[in-house]
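Here is the structure we will look at, set down as structure tokens.
The values are calculated or read from the model by the stated rules, or taken from the named source; none is laboratory data. All values derive from a computational prediction rather than experimental measurement. Glycine gets a Cβ as well: all are built from the backbone with ideal geometry, and neighbour counts include every protein chain shown. The accessibility values were calculated without ligands, DNA or RNA, using every heavy atom of the protein model including side chains. Shrake-Rupley method; radii C 1.70, N 1.55, O 1.52, S 1.80 Å.
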Amino acid sequence: MEKFRGVDYYGIEGLLSDDERMIRDAVRDWVEAEFLPIVAEHHRAGTFPVQLFPKLGELGVFGATLKGYGCAGLNNVAYGLIMQELERGDSGLRSAASVQSGLVMHPIYAYGSEEQKDRWLPVLATGEKIGCFGLTEPDHGSDPGSMKTRARRSGDGYVLNGTKLWITNGSVADVAVVWAKEDDGEIYGFLVERGTPGFSTLDIHGKFSMRASITSELAFQDCRIPLANKLPNVKGLRGPLGCLNQARYGIAWGAVGGAMACYDWALQYAQQRIQFGKPIAAFQLVQQKLVWMITEITKAQLLVLQLGRLKDAGSLRPQQVSMAKMNNVQIALDTARLARDILGAAGIVDEHPIIRHMLNLETVNTYEGTHDIHALIIGRDITGVDAFGIGS
Amino acid sequence: MKILVAVKQVPDTATQVKISSDPKAIDTAGITWIVSPYDEFAIEEALRIKEKRGQGEVVAVTLGPDRAKETLRSALAMGCDRAIHVNDPALANADTMTTARALAAVVKQEAPQLVLCGRQAIDDDAGAVGAQLAEVLGWPCASWIMEETIDADAKTVRVGRQVEGGLEVFDIPLPAVLSAQKGLNEPRYPTLKGIMGAKKKEIKDVKASDLGLSSITPELSITALEALPARPPGRIIPGDVKDAVKELVRSLREDAKAI
């Protein structure tokens, strides 16, 4: 296959600034040279190339929108383009950057004390330290408000008890942002360092999706942390939900990257694969699939671009992020499935990136608010009626 | 130490080049432009020299139309301190000698102790500008260098240049012109902070008249561009081996005139 040249049917390139284009191209080149040559072997082995953390840090992708602390201070469209290019590589790569930026650096930046910011943000930005985010529990996924993890005040600190599940980079993280309820029933955020007695991690094996990504369980058993490790400036579910809103924004962009990778590959394959004496791209049913893909990708690109412009203007509503996450992951998953179909038998082997993206996107469809949950968020927003059953 | 790096904007290596309706030019529609890869080695080496010496200035220069500014922005994003854009319609179809004369005028104004460039630009593959620039300036030149070491007082540079089966090592007095071969270094990626920081760096626009180039007389002009002829299809000689070999030998002798 020829080198990836981007997917842009509507001249959306022209809506980007020079800086935004240069940033996208820098990340695209990096993914091409440093990540794509090694992703298949990591996918097979079920490992994440952790040695890339400092390299990603050097490139400047972690906390790229933050001001100060060694961060690049980019706008949100540039940040979105970074996520798009990383997921063009693999959803696991984008997840690693999403978690570090949106779920670890963001809460420390937005809710943390000056000491917490000074200590953690610079080393998380360089990739010298890795972070993870613990919200989901074995019995509480879409309904995090019912979490069981508890933080009890005890002497000069807090004692944490509970379990968090499906935590990206859990076992390699130097610091975990953990959400737990205090005795007042309110949710607060706590920073738990690796090696703290009573804090252990276990990796989840047997995954058929996100194989080139580390997914762990975090267990807290009478885990004592100092008072100073509590995030002082947020209380309640809006803390973790604010983080998820950041990460979902990145996912909406990332999914476009996954879809672009599958479309570009399937298009080239269809033009080269000869059956019945002509390229399969010449058949109407194949063309129909490719046309569906490029149309949906174009719509998805415009959706996230406007989403980014709204975010930069400060007028973004979380429900708008829900729409982009819901739609873009769905069309990316459908694009991957159609691409798999166009590749025929070749579509199931890892010589081609399609099956990897397709399986990854099943996870992306579920995490950070499932497709259905986002539909209900938008439904509540437009009808004024809450379908979650809360308060009914 | 002040270093000037000469760079050129070229079509991306994945571009399928087409000849335009003007048979002397290529069709530039839809082309993605990049910094010529050998020039990236030159930029990287200049930055390393500055970093190693702990002080100095790296100035990127290019000749080209408005779009060539992107190339200078890439150089600034990698870490060059400032840039000079020689942008004049009078130089639109500059041949290598004209380019060398214009660069020489920039060098005279800037007075660097070293000029670095790529061994050739990957568009026309002429590979001439570095040596011609040195000739116009009356400076020594080493092309296709694989390594360089500058002495402590920046009086001489020891270079290793690639020759068949080994390295040719020279000591050259500075100022000099060096052209970079692949293998000299591994160019860094422009970092995202570097890209944002590049906005604040100066790109000076220069016209031919600012360089005192009153009459521009190219030494070479392009008569026409031609696409490579399509490769003729292969031929399978049927029949049993004995006859097929006979026919193959006859064909190689009489049709292809290869033996």
Query - Residue in region B:71-80 that is open to solvent by 30 Å² or more (accessible area, probe 1.4 Å) and among the aliphatic types (A, V, I, L, M) present - result: no
Report summary line: The residue that is nearest to the other protein chains (Cβ to nearest Cβ), considering only those in region B:164-181 that are in contact with a Lys or Arg (Cβ under 8 Å, 6 or more places away or on another chain) and in a loop (DSSP other than H, G, I, E, B), is B:Q181
Report summary line: Going through region B:62-95 in order, the residues found to be under 18 Å from B:M1 (Cβ atoms), in a loop (DSSP other than H, G, I, E, B) and more than 14 Å from every other protein chain (Cβ to nearest Cβ) are B:C80, B:D81
**Report entry** region B:184-216, subset part of a loop (DSSP other than H, G, I, E, B), free of Cβ contacts under 8 Å to residues at least 60 places away in the same chain and away from chain A (no Cβ under 14 Å), residue least open to solvent (accessible area, probe 1.4 Å)
**Finding:** B:S215
Report task. Hey, could you check region A:73-110 for residues that are open to solvent by 20 Å² or more (accessible area, probe 1.4 Å) and farther than 20 Å from A:N328 by Cα and say which is nearest to the other protein chains (Cβ to nearest Cβ)? Result -> A:G73
Report summary line: Counted residues in region B:217-248 being of a type outside the set (D, E, K, R) and surrounded by 10 or more Cβ atoms within 10 Å (Cβ to Cβ) come to 9
Report summary line: Taking region A:213-250 and keeping residues part of a helix (DSSP H, G or I), within 29 Å of A:A324 (Cβ to Cβ) and among the small types (G, A, S) leaves A:G239, A:G242, A:A247, A:G250
Query raised in the report: Residues in region A:160-175 that are open to solvent by 10 Å² or more (accessible area, probe 1.4 Å) and in a strand (DSSP E or B): how many?
Result: 6
Query - Where A:E128 falls short, out of the listed (1) touching a residue at least 40 places away in the same chain (Cβ under 8 Å); (2) crowded, with 22+ Cβ neighbours inside 10 Å - result: (2)
Query raised in the report: For region A:1-23, what are the residues that are within 10 Å of chain B (Cβ to nearest Cβ) and open to solvent by less than 20 Å² (accessible area, probe 1.4 Å)?
Result: A:F4, A:E20, A:I23
Query raised in the report: Inside region B:136-160, can you point out the residues that are within 17 Å of the chain's Cα centre (by Cα) and open to solvent by 60 Å² or more (accessible area, probe 1.4 Å)?
Result: B:W144
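Residue-by-condition table, conditions (1) within 24 Å of B:T32 (Cβ to Cβ); (2) under 17 Å from the mean Cα position of the chain (by Cα); (3) not assigned by TED's automatic domain parsing to the domain that holds A:L303:
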residue: A:D18; (1), (2), (3): yes, no, yes
residue: A:R21; (1), (2), (3): yes, no, yes
residue: A:V27; (1), (2), (3): yes, yes, yes
residue: A:R44; (1), (2), (3): no, no, yes
residue: A:Q51; (1), (2), (3): no, no, yes
residue: A:L59; (1), (2), (3): yes, no, yes
residue: A:A64; (1), (2), (3): yes, yes, yes
Query raised in the report: Going through region B:6-41 one residue at a time, which ones are in contact with a Pro (Cβ under 9 Å, 6 or more places away or on another chain) and either away from chain A (no Cβ under 14 Å) or basic (K, R) (or both)?
Result: B:V10, B:V17, B:I26, B:T28, B:F41
Report task. Would you confirm whether any residue within region A:50-59 is more than 10 Å from chain B (Cβ to nearest Cβ), part of a helix (DSSP H, G or I) and among the small types (G, A, S)? Result -> no
Requested in this report: Scan region B:40-61 residue by residue and report those that are in a loop (DSSP other than H, G, I, E, B) and open to solvent by 50 Å² or more (accessible area, probe 1.4 Å).
Outcome: B:G54, B:Q55
Query raised in the report: Is there a residue in region A:312-322 that is without any contact (Cβ under 8 Å) to a residue 40 or more places away in the chain, not in a loop (DSSP other than H, G, I, E, B) and not β-branched (V, I, T)?
Result: yes
Report task. Specify which of the listed residues (A:A313, A:A270, A:A300) is of a type in the set (G, A, S) and buried (at least 24 other Cβ atoms within 10 Å of the Cβ). Result -> A:A300
Report summary line: Looking across region A:25-46 at residues that are more than 10 Å from every other protein chain (Cβ to nearest Cβ) and closer than 23 Å to A:T65 by Cβ, the single one that is most open to solvent (accessible area, probe 1.4 Å) is A:R28
